[in-house]
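One structure below.
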Amino acid sequence: MKIAHLSDLHFSRKFKSDNIKKFKKLIKFILEEKFDHLVITGDISDNSEEVDFDILEGILSNNGLWDPQKVTVTIGNHDIFGGVQTALDVVNFPSKCRKVDYDARVALFYEKFKDLIHGSITVDDMFFPYCKIVGDVAIFALNSIDRYSKLKNPFASNGKIYKDQFYAL
């Protein structure tokens, strides 16, 4: 099986529109080279904006890839907390992160991409981890983003696999 792996797309129409153009070129390449599956691991959005998820869905749909047997996605820290674009953002970022409803952002991500997660093996009511079987390959998707903490995760970029996910995996 031929798998393409992309990470850190960082879509943002306002600040990083070139990333969207580059992704479209990558999709063209993936289709031309006849990859069997595409795995996108986190940071689809640069600023945790729902519209960025819609952009990804549109590009994948327009290319016949909005299909769980063709694409797997997992969440990244920018999909939950967003990022820093301006000097003012540097000052305001910790305050912004404290206000983020972590669980709601994870649930939103799952809802936006449930079509691509459909048919996966899940545990109880957990969004992550999930396991997708594609041909003779098992792909495990986890949420490795730690919750914001002024002391332990001040830049909202630390990774952590919580015990419930570890045991579910």
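Solvent exposure of SER17, expressed as accessible area, is near 50 Å², computed with a probe of 1.4 Å over the protein chains only. Annotation for the range 1-80: trypsin sites (Lys or Arg not before Pro) lying in DSSP loop with at most 11 further Cβ atoms inside 10 Å of their Cβ are LYS2, LYS14, LYS34. Calculate the FRET efficiency for LEU6 and VAL100 from the Cβ-Cβ distance with a Förster distance of 25 Å, rounded to the nearest 0.05. For LEU6 and VAL100, the calculated efficiency is 0.50. In loop segments of the range 1-37 as defined by DSSP, there are no chymotrypsin sites (Phe, Trp or Tyr not before Pro) with at most 12 further C-beta atoms inside 10 Å of their C-beta. Each of GLN165, VAL100, ALA138 was scored by the projection of its Cα onto the charge dipole of the range 98-169, and the greatest displacement toward the positive side belongs to VAL100; charges sit on the C-beta of Lys, Arg, Asp and Glu. Rolling a 1.4 Å probe over the heavy atoms of the protein chains gives the chain an accessible area of 55 Å² per residue. For the range 1-94, the alpha carbon positions stretch 46, 21, 17 Å along the principal axes, listed from largest to smallest.
The GluC sites (Glu not before Pro) found in the range 14-100 that occupy coil by DSSP, while having at most 12 further C-beta atoms within 10 Å, are GLU33.
Placing +1 on the Cβ of every Lys and Arg and -1 on the Cβ of every Asp and Glu, with no other charges, gives the chain a dipole of roughly 520 debye about its Cα centre. For the range 52-114, what log10 I(q)/I(0) values come out of the Debye formula at q = 0.12, 0.29 1/Å, with one point per alpha carbon and no solvent? Listed by q, the Debye log ratios stand at -0.40, -1.22.
An oblate overall shape is assigned to the chain, the ratio a/c of its alpha-carbon gyration tensor axes (a ≥ b ≥ c) being 1.5 or greater and a/b not exceeding b/c.
The values are calculated or read from the model by the stated rules, or taken from the named source; none is laboratory data. Being a predicted model, the structure only gives us computed values, none of them experimental. Glycine also receives a Cβ, built like all others from the backbone with ideal geometry; neighbour counts cover every protein chain displayed. Surface accessibility is based on the protein's heavy atoms, side chains included, excluding ligands, DNA and RNA. Shrake-Rupley method; radii C 1.70, N 1.55, O 1.52, S 1.80 Å.
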